[in-house]
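Accompanying notes for the structure given below.
The values are calculated or read from the model by the stated rules, or taken from the named source; none is laboratory data. Everything quoted here is computed from the prediction, not taken from an experiment. For neighbour counting, all protein chains shown are included, and Cβ atoms are generated from backbone atoms with ideal geometry for every residue, glycine included.
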Amino acid sequence: APQHCDLRDSTTCHLEEYAASVQGMVADATAHHRSYLEKASDCIEAESNATHICLEGQELAAQDTCSSSRHAAQLQGQRCADQHEEASLAICEFGSRLQHSCNGL
């Protein structure tokens, strides 16, 4: 309930008490606001660090993917070279057998 002040009883109506109370509330609000700003700054810094870490992780994953792809390409190249060598030998063997058969005629 609101308090009433009768200026006949008191010329200040306890204004000093109210002023001190309000100043205390303002000080509390200022402290809370300062704390909020510090926490918000910490949060922004943490988010920035997390973003940086994620980007580094993505770069490392991309490098790993490239390394894996390069290795797979090297293996595939080796398989192709092996198959080419086998095909060349098979052609030579076919030619030798054909020549041998032709000589027998």
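General remarks:
- Some residue of the range 65-85 being surrounded by 10 or more Cβ atoms within 10 Å (Cβ to Cβ), basic (Lys, Arg), at pLDDT 85 or above and out of contact with any Phe, Trp or Tyr (no Cβ under 9 Å at 6 or more places or on another chain): yes
- Which listed residue, of 18, 36, is surrounded by 10 or more Cβ atoms within 10 Å (Cβ to Cβ) and closer than 30 Å to residue 4 by Cβ: 18
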